[in-house]
Amino acid sequence: MKEFALIFRLKDISDFKPTSEQIRERMIWLENIAAQNKLVDKGNTLLPAPGKAKTVKPDHIVTDGPYTEIKEFISGYIIVRAESIEEAVEMAKENPIFKIGGNIEVREVLKVNQ
């Protein structure tokens, strides 16, 4: 099996504070993936608040967060195990983030021999 990162994006910072129902829906979604033994890493939430993110650019230029260059922001990620990217996409399709206008980027994780 391969591993895939599911990267959660929101278009508006006001969507970042989920309701208790949205949290419950996400937990059920995660529990379903874990029950199939396909959850590799439950990931983390990435804070979009001012002072919580910086972007380092060439010549050591540092700016506040990623917000100045993109309209949407990454709110978090998880790592799943799947046979193919298509299977990982099917897992992503069940996430409740779409109810609030978010989206999920699915990327295969490159595993380097250790």
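The values are calculated or read from the model by the stated rules, or taken from the named source; none is laboratory data. Just so we're clear, the structure is a prediction, and the values are computed from it rather than from any experiment. Note that we place each Cβ from the backbone using ideal geometry, even for glycine, and neighbour counts take in every protein chain shown. Quick note on the areas: whole protein, heavy atoms, side chains included, nothing else; ligands and nucleic acids left out. Shrake-Rupley method; radii C 1.70, N 1.55, O 1.52, S 1.80 Å.
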Looking at (1) more than 16 Å from residue 74 (Cβ to Cβ); (2) open to solvent by 80 Å² or more (accessible area, probe 1.4 Å); (3) free of Cβ contacts under 8 Å to residues at least 12 places away in the same chain, which is the only condition residue 54 fails? (1)
For segment 14-43, how many residues are in contact with a strand residue (DSSP E or B) (Cβ under 7 Å, 6 or more places away or on another chain), at pLDDT below 90 and open to solvent by 90 Å² or more (accessible area, probe 1.4 Å)? 0
When only residues in segment 93-112 that are part of a helix (DSSP H, G or I) and of a type outside the set (A, V, I, L, M) count, which is nearest to residue 6 (Cα to Cα)? 93
Quick check on residue 32: is it over 16 Å from the mean Cα position of the chain (by Cα) and part of a loop (DSSP other than H, G, I, E, B)? no
Could you tell me which residue of segment 86-97 is surrounded by the most Cβ atoms within 10 Å (Cβ to Cβ), considering only residues that are farther than 14 Å from residue 42 by Cβ and either modelled with pLDDT of 95 or more or of a type in the set (D, E, K, R) (or both)? 88
Condition check for residue 107: open to solvent by 40 Å² or more (accessible area, probe 1.4 Å), modelled with pLDDT of 90 or more, in contact with a strand residue (DSSP E or B) (Cβ under 7 Å, 6 or more places away or on another chain) and over 19 Å from residue 9 (Cα atoms): no
